[in-house]
1. Looking at GLY110, GLY118, can you tell me which residue is in contact with a Gly (Cβ under 8 Å, 6 or more places away or on another chain), more than 11 Å from HIS38 (Cα to Cα), small (Gly, Ala, Ser) and in contact (Cβ under 8 Å) with a residue 12 or more places away in the chain?
2. Taking only segment 1-56 into account, find how many residues are part of a loop (DSSP other than H, G, I, E, B) and either buried (at least 17 other Cβ atoms within 10 Å of the Cβ) or touching a residue at least 60 places away in the same chain (Cβ under 8 Å) (or both).
3. Out of segment 104-124, which residues are over 11 Å from ASP27 (Cβ atoms), in a loop (DSSP other than H, G, I, E, B) and not polar (S, T, N, Q)?
4. Only one of these conditions is not met by THR72: (1) β-branched (Val, Ile, Thr); (2) crowded, with 16+ Cβ neighbours inside 10 Å; (3) free of Cβ contacts under 8 Å to residues at least 12 places away in the same chain. Which number is it?
5. Of everything in segment 75-111, what is of a type in the set (S, T, N, Q), more than 19 Å from GLU42 (Cβ to Cβ) and either surrounded by fewer than 14 Cβ atoms within 10 Å (Cβ to Cβ) or touching a Cys at 6+ places or on another chain (Cβ under 6 Å) (or both)? Give them in sequence order.
6. From the list ARG57, ARG88, pick out the single residue that is at pLDDT 95 or above and of a type in the set (D, E, K, R).
7. One residue is enough: does segment 112-123 have a residue meeting the conditions among the small types (Gly, Ala, Ser) and either surrounded by fewer than 16 Cβ atoms within 10 Å (Cβ to Cβ) or modelled with pLDDT under 85 (or both)?
Amino acid sequence: MLTFCGIDYCSMDSNGRVKLSPKILEDFTSKGVDVVLHCLPEGAVAVYPEETYLKIRQEREVTENRAASSFTGRQMLRRSGAWSQSQRISAQGRITLPQAFREHAGFGSGSQKMVVVGVEIGVELWTLERWEAERKRMEEHDNLKRDQEMQADLNF
């Protein structure tokens with residue numbers, strides 16, 4: 001069965017607690033209750049099973065020597081370190097977004113509605129407005145790609 005697919009909506013309370021839907025909770029539970037929150041450059045927060053996040057990091061591993069001698073190596077470590085946090089899903093099925101992560105993703109203070117987007121390896125948490133803008137960007141990109149392929153096929 002597919003995991004981490006689809007779009008869902010949930011709420012975050014004023015303390016940053018997010019109650020995951022039963023389906024998403026089931027997907028995470030099948031991989032363990034330890035997760036990693038990671039701020040994405042697009043302005044959302046990704047939530048990955050810890051095992052999945054560690055695999056992603058291993059693929060982009062920066063050696064200690066490279067970190068000591070490379071600005072970009074240190075920058076990669078800084079970004080990953082500063083914008084990632086381990087967490088355990090609570091017995092109530094909740095995660096808590098740190099304040100800095102909420103600000104990064106555009107969540108204001110107080111209770112917030114959010115969009116939970118399945119990305120097959122985890123989920124992303126978006127504000128309604130940012131998700132709508134991202135959805136439109138994806139649609140525009142798909143349309144542009146379709147038009148380019150059609151032009152190439154028709155030898156324009």
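1. Working: GLY110 fails: in contact with a Gly (Cβ under 8 Å, 6 or more places away or on another chain).
Result: GLY118 is the single residue among GLY110, GLY118 that is in contact with a Gly (Cβ under 8 Å, 6 or more places away or on another chain), more than 11 Å from HIS38 (Cα to Cα), small (Gly, Ala, Ser) and in contact (Cβ under 8 Å) with a residue 12 or more places away in the chain.
2. Narrowing segment 1-56 to residues part of a loop (DSSP other than H, G, I, E, B): 1-6, 13-16, 20-21, 32-33, 40-44.
Right, trim to either buried (at least 17 other Cβ atoms within 10 Å of the Cβ) or touching a residue at least 60 places away in the same chain (Cβ under 8 Å) (or both) and you get 2-6, 13-16, 20-21, 40, 42-44.
Here the count works out to 15.
3. ALA105, GLY106, PHE107, GLY108, GLY110, VAL119
4. Against the list (1) β-branched (Val, Ile, Thr); (2) crowded, with 16+ Cβ neighbours inside 10 Å; (3) free of Cβ contacts under 8 Å to residues at least 12 places away in the same chain, THR72 comes up short only on (2).
5. So in segment 75-111, the residues of a type in the set (S, T, N, Q) come out as 75, 80, 84-87, 90, 92, 96, 99, 109, 111.
Filter once more, so that each one left must be more than 19 Å from GLU42 (Cβ to Cβ): 86-87, 90, 92, 96, 99, 109, 111.
Answer for segment 75-111, where residues must be of a type in the set (S, T, N, Q), more than 19 Å from GLU42 (Cβ to Cβ) and either surrounded by fewer than 14 Cβ atoms within 10 Å (Cβ to Cβ) or touching a Cys at 6+ places or on another chain (Cβ under 6 Å) (or both): SER86, SER90, GLN92, GLN99, SER109, SER111.
6. Values: ARG57 fails: at pLDDT 95 or above.
The match here is ARG88.
7. Of the residues in segment 112-123, the ones among the small types (Gly, Ala, Ser) are 118, 122.
Now drop any that are not either surrounded by fewer than 16 Cβ atoms within 10 Å (Cβ to Cβ) or modelled with pLDDT under 85 (or both), which leaves none.
Looking through segment 112-123, none of the residues is among the small types (Gly, Ala, Ser) and either surrounded by fewer than 16 Cβ atoms within 10 Å (Cβ to Cβ) or modelled with pLDDT under 85 (or both).
The values are calculated or read from the model by the stated rules, or taken from the named source; none is laboratory data. Note that the structure is predicted; figures quoted are calculated from it, not measured. Heads up, the Cβs are rebuilt from the backbone with ideal geometry, glycines too, and the neighbour counts pull from every protein chain shown.
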